[in-house]
Amino acid sequence: RLGLAEGLMLDGKTGLAMEQYEHAVRLRPDWVDAHTMLGSALRDAGHPERAEAAYRRALELAPDNAVTMANLAGLLEKRRSLPEALSLYQRAVEIDPSLVEGRMGLAQMYLGYSRPQDALPHFQALVKLRGDFAPARLGVATCLELLGREKDALVECEEGLTHSPGAVGLLLMSARLRLAPSDVSLRDW
């Protein structure tokens, strides 16, 4: 059932896919993956309340499932349940430090809370996991700039551009750091 549902999702047949996920949940109410995948399908189809219920059920069945935690955290973050989202991201990263979605969500939330010193190690861990992941490189550069380390931020942008030459965010930040830095020695028009 899950394989069929995934195929239907890839074909853009969300309604039919959700029917298959729901059928899988009815057949095996203790199947964690079925609840998690149903939650993601519901989230993507614009049913956040039902998606939350599916994710929460999956976590009842498997309380240490980092992927489900990160998915629920992302949903809660969008719904502005920020303290719970932050807590879930933190727990997901404790359980699985290599989970990109968990680390990225946690780092972005810290940045959103104006805590670049807390976000930086998570963005840096993502860069170690995936050096070509431009959003993580941009996160590192953003944190460094906010911490008053413009030169290091520029170096991070340049390094990121060697891996992802078309990364628009890195290009824009690099240009901005060169055009109007607080440290005039970095100015390069």
key: Shape of the chain, Cα gyration tensor, a/c cut at 1.5   = prolate
inquiry  = Sort 17-24, 157-164 by the packing proxy (mean of other Cβ within 10 Å over each peptide's residues), most packed first.
reply    = 17-24, 157-164
ask   = Averaged per residue, what accessible surface does the chain expose to a 1.4 Å probe, in Å²?
value = 52
inquiry  = How big is the dipole moment of the chain about its Cα centre under a simple scheme where the beta carbon of each Lys and Arg is +1, that of each Asp and Glu is -1, and everything else is neutral? Debye, nearest 20, please.
reply    = 260
query = Quick one: with all protein chains in place, what share of the accessible area of region 1-156 is carbon or sulfur, to the nearest percent (1.4 Å probe)?
reply = 52
request  = Straight distance only, please: which lysines reach the Cα of residue 151 with their own Cα at less than 24 Å, same-chain residues fewer than 8 apart left out?
outcome  = 128
message = Using a Cα-Cα cut-off of under 22 Å, which lysines could be cross-linked to residue 78, ignoring same-chain neighbours fewer than 8 residues away?
response = none
remark   = The local net charge around residue 42, scoring Lys/Arg +1 and Asp/Glu -1 for residues other than residue 42 whose Cβ lies under 11 Å from its Cβ, equals -2
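The values are calculated or read from the model by the stated rules, or taken from the named source; none is laboratory data. Treat the numbers as computed from the prediction; the structure is a model and nothing was measured. Ideal geometry is used to build each Cβ from the backbone, glycine not excepted, and the neighbour counts take in all protein chains shown. The protein model used for the area step is the full one, side chains on, heavy atoms only, and it has no ligands, DNA or RNA in it. Shrake-Rupley method; radii C 1.70, N 1.55, O 1.52, S 1.80 Å.
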